[in-house]
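The values are calculated or read from the model by the stated rules, or taken from the named source; none is laboratory data. Only a predicted model underlies this, so the values are computations on that prediction, with no experimental measurement involved. Backbone-built Cβ (ideal geometry, glycine too); neighbour counts: all protein chains shown. Side chains are part of the model used for accessible areas, which takes the heavy atoms of the whole protein and leaves out ligands, DNA and RNA. Shrake-Rupley method; radii C 1.70, N 1.55, O 1.52, S 1.80 Å.
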Amino acid sequence: MFALEVNHIVKTFNDKKKNIVIADDDVSLTVEEGKIYGLLGPNGAGKSTLISLISGILTPTSGTISVFGTDIVSQTVEAKKMMGIVPQEIVTELAFTVDEILHYMGGMYGVPLEERKDRIGEVLRDLDLEEKRYEKARSLSGGMKRRLMVAKAIMHKPRFLILDEPTSGVDVALRQKIWELVRRMNKEGTTILFTTHYLEEAEQLCEEITLIHHGRVIKQGRLSDIQKEFSENVVTFELFRPDVTHLPHVSKQGIEFHYPITTHLDQNMSEVIQHYGDNLRSVKSEAASLEQIFLKLTAN
Ligand SMILES: Nc1ncnc2c1ncn2[C@@H]1O[C@H](COP(=O)(O)OP(=O)(O)O)[C@@H](O)[C@H]1O
Ligand SMILES: [Mg+2]
């Protein structure tokens, strides 16, 4: 069962000044239930627009989106109940207390009144916000407000949690905390979709990604496959005594030597080790970092 199916979505904004195609007809993606999925792209790529389409805030110009098989346009309420959305911007009712805000959210998403109190306690414990329960949202720090946004989204224990740039502008400690929470919720069965322009985040959290740029999908698939595709196909090594008989096709690059991978990385690596033995100062084969891949793919 897919938690999310996005089929050939197009969204055009008919602005007076601009007619922007956010997503052309090849924005399609599927998220399998139980996964953590990354939606990547530089600023302005269309990530938040796609999230708004998935969460039913915007209506697609064409194409369909379903959440656990439920169409977001024709069955909006049912589909929305299965999702929790943490928007990119902090939007919350500053004049109310954390407790009031979460009561309201729980009510809106159908958490029975008698369960709400315990659920609020649980969520606040998870997010380390317990001591702020009866404080006004206005008095929370930026990081706490962001955690409150997550708390609001998970009050009704959604099967599918969507986070739009959850860690942009937060400090390292909170970033770790959010990652931990995402991993824990995922272990407990929640499917996760998050957006980021921060690549380490994708490397840390998910196996599969879609990379969008100017409203178009430019890469999609398993991170490991994408990295393999872009990885350098050479074994790089340094020698203590460079003046020796070399393997065929070895070339010198500064103080390093490059040996092209012809059959299989492991095999070529062991050929180098066997041939040079004690003379090896270092030997490595570098997979391209996601950062490099991203820059290459979004260069124009
Ligand atoms: N309501 C709108 N009307 C016109 N243009 C919009 C609207 N919403 C978003 N856009 C445009 O769509 C593009 C993608 O924006 P967005 O989805 O916010 O990107 P991202 O979240 O990847 O940074 C931007 O060029 C933005 O100006
Ligand atoms: Mg955005």
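Scanning residues 5 or more positions from Gln220 or on other chains, those with amide H under 5 Å from its amide H are Leu211, with H placed 1.01 Å from N in the peptide plane.
Sorting Tyr104, Tyr134 by accessible area (1.4 Å probe), largest first, what list results?
Values: Tyr104 135, Tyr134 155 Å².
Most to least solvent-accessible, the answer reads Tyr134, Tyr104.
A simple rule links phi to the HN-Hα coupling: the Karplus curve 6.51 cos²θ - 1.76 cosθ + 1.60 with θ = phi - 60°, which for region 148-155 gives 4, 4, 5, 4, 4, 6, 9, 3 Hz, with x for Gly and Pro.
Leaving ligands, DNA and RNA out of it, report the carbon-plus-sulfur percent of the accessible area of the chain at a 1.4 Å probe. List each step's numbers first, then the result.
Numbers: 7750 of 15650 Å².
Summing carbon and sulfur atoms, their accessible area is 49 percent of the total for the chain.
In the context of the full protein assembly, Ser62 retains an accessible surface of approximately 50 Å², using a probe radius of 1.4 Å and ignoring ligands and nucleic acids. Helix content alone sets the calculated 222 nm mean residue ellipticity of the chain: runs of n ≥ 4 DSSP H residues at -39500 (n - 2.57) each, divided across all residues, give -10000 deg cm²/dmol. Karplus-based coupling profile of region 50-55, in residue order and whole Hz: 5, 4, 4, 5, 5, 8, with θ = phi - 60° in 6.51 cos²θ - 1.76 cosθ + 1.60 and x standing for Gly or Pro.
Expressed as a fraction of 2.2 N^0.38 Å, the C-alpha radius of gyration for region 2-227 is 1.01.
The phi torsions of region 221-227, fed into the Karplus equation with coefficients 6.51, -1.76 and 1.60 and a -60° offset, translate into couplings of x, 6, 4, 5, 5, 5, 5 Hz, rounded to whole numbers, with Gly and Pro shown as x.
Quick one: net charge of Leu39's neighbours, Cβ under 12 Å, K/R +1, D/E -1? It would help to have the intermediate numbers written out before the result.
Numbers: positive: Lys47, Lys219; negative: Asp164, Glu165, Glu201, Glu208.
With Lys, Arg at +1 and Asp, Glu at -1, the net is -2.
Measure up Lys47/Lys219; Lys117/Lys157; Lys252/Lys284; Lys81/Lys157; Lys11/Lys81 against 19 Å on the Cα-Cα distance and list the ones that go over.
Going by Cα-Cα distance, Lys11/Lys81 fall outside the 19 Å limit.
By DSSP, the beta bridges lying fully in the chain are antiparallel in about 65 percent of cases.
The percentage of C-alpha pairs in region 233-284 whose separation is greater than 15 Å is 35%. The mean sequence separation of alpha-carbon pairs under 8 Å and at least six residues apart, normalised by the residue count of the chain, gives a relative contact order of 20 percent. Summing charges over neighbours of Phe68, with a neighbour being any other residue whose Cβ is under 12 Å away from its Cβ, gives -2 when K and R count +1 and D and E count -1. Near Ile293: Cβ cut-off under 10 Å, other residues only, Lys/Arg at +1 and Asp/Glu at -1. The net charge is 0.
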